[in-house]
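Each remark here refers to the structure printed beneath this line.
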Ligand code: NI
Ligand code: MN
């Protein structure tokens, strides 16, 4: 079993789960912090948490080029099929499905999900992935703090927005870690633009010092391997 997660900048991640390449919320070519570009990636799966441009951005061109299966909510799935994608798997909040890479549940997220052209994108989601050996990664994606995070408690790693303004900020993200009690908490969704400037190292230090979780910052391009 192997499960690694590479931060590609902002809220974009590339997972390798038992040899399956899973790209999450691809925002690369217009992302000032991206560590790579859309043309360099050949994922097997693309997961899209919600319809905002900084999450769905490069989904269509990557999926068209590679044939990757796109997994997202019902409304975004319809929008992508209208754009010509054929390999789409639709789920919705609270629903889980066993994919080749592992089990994926769409979780609650408190945010918006409008698509770039103004189309209705359903409700936003978080992404809870459970690999074959039980290793869990919880991508909170864009959300406010909410106490029902306790439903998804104790994943091995939590990927937590800290940028404030559009999502929870550092203080609420610290509360989220206290509720979730993940093994490791990694910040995201910060410093891409001025309204979400934060100090990720200061946040990770607080996580390590004030909770039972290890706070860890990944630079764009850096990888964490779970179970090591
Ligand atoms: Ni968003
Ligand atoms: Mn966002």
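Within region 44-61, the residues that satisfy the criterion of being more than 17 Å from residue 9 (Cα to Cα) and either away from ligand 1 (no atom under 14 Å from the Cβ) or more than 14 Å from the chain's Cα centre (by Cα) (or both) are 44, 45, 60, 61.
Scoring residue 209 on the criteria (1) farther than 26 Å from residue 112 by Cα; (2) touching a residue at least 12 places away in the same chain (Cβ under 8 Å) leaves a single failure, condition (2). Cβ-Cβ contacts under 8 Å between residues 6 or more apart (or on different chains), taken from a first residue in region 13-28 that is closer than 10 Å to residue 100 by Cα to a second residue that is within 16 Å of ligand 2 (Cβ to nearest atom) and part of a strand (DSSP E or B), are absent.
Being surrounded by fewer than 24 Cβ atoms within 10 Å (Cβ to Cβ) and more than 14 Å from ligand 1 (Cβ to nearest atom) is the filter here; which residues of region 154-171 pass it? Passing the criteria: 154, 155, 156, 157, 169, 170, 171.
Every number here is computed from the coordinates shown, using simple stated rules; none is lab data. All values derive from a computational prediction rather than experimental measurement. Reconstructed Cβ throughout: ideal geometry from the backbone, glycine too, with neighbour counts over all protein chains shown.
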